[in-house]
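Each reported figure results from applying straightforward, stated rules to the coordinates on display, with no laboratory input. Please read all numbers here as calculations on a predicted model, not as lab measurements. Note: ideal-geometry Cβ built from the backbone for every residue, glycine included; neighbour counts use all protein chains shown.
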Amino acid sequence: MRKGFRSLVSLLCCLLIVFVGAAIGALGSINAGSFYAELARPPWAPPGSVFGPVWTLLYVMMGVALWRAWRRRVGRDTGPALVLYALQLLANVLWTWFFFRWRQGGLAFAEVLLLWALVAATIFSFWRVQRLAAVLLLPYFAWVSFAVALTYAVWQRNPALLG
């Protein structure tokens, strides 16, 4: 019973870490809905209402992935994997600030490329630590891949708004 409780507490802590990151990112996107509506977007861009539910699901999966990797904290591969995870979470938070708050399209694009590389590196690192943790990050990687293309397309269509 006690082990199960500790496991549940560690899962909740991992989810809290991820959602605190999400909340910090959300502070940078307080006016994201109205700003996104102003932007010239490619025809394949999703409506703004899609982002909240998608990110919520991805953040839950990211938190569970962190928890699964954290539980395997033995071995020399775990430490670097968790550092990569922390770096990709930081990059995730920063993208929102570059794009929505500071309206720096070029920096947001460079930053989302960095995020993409960090997520890929985290997946490879997690694969060595706990394979299901790596698999749980694959939808996130797919979404960030989409975000790379979308960030570039929107930045190119809006030079006045995303200087």
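Compute the length gained on full extension between TRP44 and LEU57: take 0.36 nm times their separation in residues and subtract their Cα-Cα distance, giving the result in nm to one decimal.
My answer for the length gained is 2.6 nm.
Residue-wise, which Karplus ³J(HN,Hα) couplings in Hz belong to segment 35-51, taking 6.51 cos²θ - 1.76 cosθ + 1.60, θ = phi - 60°, and x for glycine or proline?
5, 4, 5, 6, 6, 6, 10, x, x, 8, 6, x, x, x, 5, 6, 5
Between PHE5 and ALA37, what length comes free when the chain is fully extended (0.36 nm per residue of separation minus the Cα-Cα distance, one decimal in nm)?
Here the segment from PHE5 to ALA37 would lengthen by 7.0 nm.
Would any residue of segment 68-107 have its amide N under 18 Å from a label point 7 Å out along Cα→Cβ of LEU27? List them or say none.
Only 89-103 pass the distance filter.
Work out how much length VAL148 to ARG128 would gain on full extension: take 0.36 nm times their residue separation and subtract the Cα-Cα distance, in nm to one decimal.
4.6 nm
Run the numbers on the chain and let me know its relative contact order in percent, using alpha-carbon pairs under 8 Å that are six or more apart.
Once normalised by length, the contact order is 29 percent.
With each run of n ≥ 4 DSSP H residues scored as -39500 (n - 2.57), what mean residue ellipticity at 222 nm is computed for the chain after dividing by its residue count and rounding to the nearest 500 deg cm²/dmol?
-25500 deg cm²/dmol
Out of ALA86, ASN31, GLN130, whose Cα points farthest toward the positive end of the dipole of the chain (charges: +1 Lys, Arg; -1 Asp, Glu; placed on Cβ)?
GLN130
Where the only charges are on Cβ atoms (+1 Lys, Arg; -1 Asp, Glu), what is the dipole of segment 2-157 about its Cα centre, to the nearest 20 debye?
About 720 debye.
How tilted is helix 105-129 with respect to the longest principal axis of the chain? Cα atoms for both, answer in degrees (0 to 90, nearest 10).
Around 20 degrees separate the two axes.
On each of the three principal axes of the Cα atoms of segment 1-116, give max minus min coordinate, whole Å, ordered largest first.
Principal-axis extents of segment 1-116 (Cα, largest first): 53, 28, 24 Å.
Convert each backbone phi in segment 81-86 into a coupling constant with the Karplus relation 6.51 cos²θ - 1.76 cosθ + 1.60 (shift: θ = phi - 60°), then list the ³J(HN,Hα) values in order as whole Hz, x for Gly and Pro.
So the Karplus estimates, Gly and Pro as x, are 5, 5, 5, 4, 4, 4 Hz.
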